[in-house]
Structure formats: structure tokens, C-alpha cells
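For reference, the structure discussed in these notes is given below.
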Amino acid sequence: MFNLQLAWDRPVKVQSQLSEHILRVRIVPAGERMQNIPLRLAIALDTSASMQGEKWERAKAATQALGLQLRPGDRLSLAGFADWVTPLAHNFESSQLGELPSVLNTLVAQGVTRTDSALHWIQSALSPEPGIARVGILITDGHPTNERGHIINNVAPIVQQAGAIAATGITICTAGLGNAADFNTAFLVSLSDCGRGAFLYADTPELLLPQLQERLLASQTVAVADAALKLNFAGGIRLKNCCQLRPDYLPLSLTAPQDIHLRNLRADAATDVLLALEVPALNASMLAGSYTIAEIQLQAPDLPPVTAQAALKFTLSYQEAQLINQDVDRDRLTWDINRFSTELAGASDPLQTGELLSQIQAAALKSGQIGIAEKATQQLDDLYKTGRLSAHQTTGLLTATRQLGGQ
């Protein structure tokens, strides 16, 4: 069972013709301890030639260690991908994990990086099962290539492929391993965003295991694998944008005229969704006061729907209209920081890079995110001195901003 808690960033000044407001929808696990559901995990491990050496050994060790953390009822599927996909394990139980070292040792790091084939395998390995969380993790250290080994510059079809897979109920996470200059961060982030999952960055091989372990633990706390927010707005209200801020940042969009699908609601943490709403002025015949302008309903299989009314205050007082809900406003700024850092990962123009860093810096200072502000300040200084930033810098800043929602 879940409860809904609604909060606005600020009231509306009655004379305003049109204003934008943030509504935070907090989905809170409630009542007796919720039952975590079983997990089906599929790991696609890059076995191209660039993985040779420590990266390859660490990736194999991390995969084996991850298997040891499976609970009874969880299942693991594993494959390597290079020129083609090599399935190694399908729906392994914890009792079969002793076979993993031998099957992993049959792989040799050689060939190209067929990311599209790896995604096809993840979809085939995670067939639909009711009441089951299905998570695919793609681990790679390089750019996606075609069958001839040429880097694919137009990655939009692969991103769309990830979105189509996510629409079937599978969550896709991506992990960039090694020097970020050797892979396409913006592409991997787009894959995980469209796949409703998380992006991981292990710039040194030993960082891969703890990040995978953290993602596995989060997946093992899932209580509901598929849910939806049904939005019913009063006349004139328009949804401009939306995101999930907690427990992980994730851009969202309407999946139906007024539906937002959510994935993997956890039993141990609240899920916060931010809605940016455009609110028109009051009708001339209406007085100042609080008016219900939205109804939010959470729907999930095998759970009764939960409904909450969002009443927004309209005031004649300029002073009262400036009474900001600091908690929600900080979340709004955190949302801004994440949007800017995501755009930064794909920026190549120094002027655009500088502008995005300045916006991150300003939003971080205003919201009290001092560590992020310091990172942005340092990167601005490096940009002015050298005219460019390294892929490691922008990727590191992005991963840091995506951890803000959990703080």
C-alpha cells in the first residue's frame, strides 16, 4: 500500500495572467512492511577487444560477485556481446552460481561492440512475468559499432530500441567502464533514461562492483514493478514537463493523454515525481482562496487506487505569493541542475558548455548544493584556461548531480 503526499512550491498571485508552479507528488510506502517482489536480472557484458586487461578481469569478477547477492527467487541471465551475442546463463538460481566462473572464462575479449544486439538479447532474456521486476544492465567501455566495427554516429535508432523495450516493462541500466573519452556518455545516458533505468560510471575498473551492487540492492527492494499516475486537471491547467527526482533522477513524459507510467516503486524509499504545471488566472467571478486544480491517482496491479486532491492557494497579497516552500523549491532547482548536466554531457561548443556550467553553478548555490557548485566552478575555470573540458569531467559532474535526489 502507498500514500500520496502533495506539495506546491508557492501560491498564485490572483492578478497573474499565467504562472508556472511545481507540484511534488510523493509516493510513500505505508502500513505494514510491503513485500519485495522477485527479480529477473540480465547482464550484457561487453567482450570487445578494448576490454582486454584489468577492465575485463574486474568486469568478470563483478559479475560473479553480483550473482552471489541473489535472493531465493531471484534469477540471473548473462551474456557477452561483441561481433555477436554469446549467451552464458539463463535464469540461473543461486544454487547454480558456482558455474559462473567457468562460463565466464570461456569468453575472450575481442571483436567490435554491437550494442543493438545486446539490447535484443536483454529483451529476449527477460520474458514477461506478472509480479516480477525485470532489470537489464548493459556494461560497455566503447562506442556502439556496426558489424564492420565502424562507430555508429546516428544512435537515435538504438535509443528508440531501448524505449520500445522499456515499454514492455523492462528497466534498462547502462554502465560506462573506463575512460569516458572512449565511450559516448550522452548515448549511454539516453539509453538508460529511455530505458527507465540508471546510468553508472566506473572510471576505474574497481569502481564497477560497488556501483553494480548498489543497483542490485535497489532492484531487490522493488515492491511494485509497474504503476501509473493518472492526472486529472481543471480547465486551463497544462502539464509542461515532469520528472522523477527520488529515489533516482529520471526524465518522465506522458505515456497517454494524462498518464505517467512509473517503474519499480520501492518498499524502502519514497518516490518523488515533480510536475511543472502552467496555471491560468482565476475566473473574474472567483474570489481569492484555495481551489482544487488537480486530482492525482496512483494505480498499480493488485493494489487499490490511491487518490489525492491538489488544492492550490490563490492570493491577492504580493507578500503571501512570495512565500516559497523551500523544500519543493530546492527540488525544482535540483531538477534544473540535472537537466543542465544531462545537456552538458552532449555539448561540444565551448560557449554552450560555459553557459550550462554557469546555470548549474547558480542553481547549485541557490539550493545549497555546495559540492556541485564547487565542481561547476572548477570546471568553468578549466574551460576558460584550456577552452575545453574532458569527457571525464562532464561525465563525473552528471553522475554527481544524479545522486542529489537521494540526499
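Output the residue which, of all residues in region 297-332 that are of a type in the set (Val, Ile, Thr) and more than 30 Å from ALA364 (Cα to Cα), is surrounded by the most Cβ atoms within 10 Å (Cβ to Cβ).
VAL306
Go over the candidates ALA294, ALA269, ALA218 one by one and state the one that is part of a loop (DSSP other than H, G, I, E, B) and either under 23 Å from ARG339 (Cβ atoms) or assigned by TED's automatic domain parsing to the domain that holds SER341 (or both).
Unique residue meeting the criteria: ALA269.
Which strands (runs of 3 or more DSSP E) does region 33-149 wholly contain that include 2 or more residues that are free of Cβ contacts under 8 Å to residues at least 24 places away in the same chain?
Answer list for region 33-149: 85-92.
I need a count of the residues in region 238-272 that are modelled with pLDDT under 90 and surrounded by 17 or more Cβ atoms within 10 Å (Cβ to Cβ).
1
Identify the residue in region 150-189 that is part of a strand (DSSP E or B) and in contact (Cβ under 8 Å) with a residue 60 or more places away in the chain and, among all such residues, is nearest to LEU397 (Cα to Cα).
Only one residue tops the list, namely GLY176.
Say we look at region 44-65 and pick out the residues that are in contact with a strand residue (DSSP E or B) (Cβ under 7 Å, 6 or more places away or on another chain) and of a type in the set (Ser, Thr, Tyr); which of these is surrounded by the most Cβ atoms within 10 Å (Cβ to Cβ)?
So, considering only residues that are in contact with a strand residue (DSSP E or B) (Cβ under 7 Å, 6 or more places away or on another chain) and of a type in the set (Ser, Thr, Tyr), the one surrounded by the most Cβ atoms within 10 Å (Cβ to Cβ) is THR47.
Can you tell me which of GLY387, GLY354 is surrounded by fewer than 16 Cβ atoms within 10 Å (Cβ to Cβ) and of a type in the set (Gly, Ala, Ser)?
GLY387
Among the residues of region 66-102, which ones are surrounded by 20 or more Cβ atoms within 10 Å (Cβ to Cβ) and more than 19 Å from LEU126 (Cβ to Cβ)?
ALA82
Residue check: is ASP193 in a loop (DSSP other than H, G, I, E, B), under 16 Å from the mean Cα position of the chain (by Cα) and buried (at least 18 other Cβ atoms within 10 Å of the Cβ)?
no
So, in region 273-284, how many residues would count as being aliphatic (A, V, I, L, M), within 18 Å of ARG332 (Cβ to Cβ) and surrounded by fewer than 16 Cβ atoms within 10 Å (Cβ to Cβ)?
So the count comes out to 0.
Can you confirm whether ARG10 is in contact with a His (Cβ under 9 Å, 6 or more places away or on another chain), outside the structural domain of GLU129 (by TED's automatic domain parsing) and either within 30 Å of ASP327 (Cβ to Cβ) or assigned to a strand (DSSP E or B) (or both)?
So ARG10 passes the test.
The conditions are (1) touching a residue at least 40 places away in the same chain (Cβ under 8 Å); (2) under 21 Å from the mean Cα position of the chain (by Cα); (3) assigned to a helix (DSSP H, G or I), and GLU320 fails exactly one of them. Which is it?
(2)
What residue, among those in region 1-43 that are of a type in the set (Lys, Arg) and surrounded by 14 or more Cβ atoms within 10 Å (Cβ to Cβ), is modelled with the lowest pLDDT?
LYS13
Any idea which residue in region 103-122 is nearest to SER192 (Cα to Cα), counting only those that are of a type in the set (S, T, N, Q) and buried (at least 21 other Cβ atoms within 10 Å of the Cβ)?
THR115
Count, please, the residues in region 316-357 that happen to be modelled with pLDDT under 90 and either among the acidic types (Asp, Glu) or touching a His at 6+ places or on another chain (Cβ under 9 Å) (or both).
So the answer is 1.
The values are calculated or read from the model by the stated rules, or taken from the named source; none is laboratory data. All values reported here derive from a predicted model rather than from experimental measurement. Neighbour counts run over all protein chains shown; Cβ positions are idealised from the backbone, glycine included.
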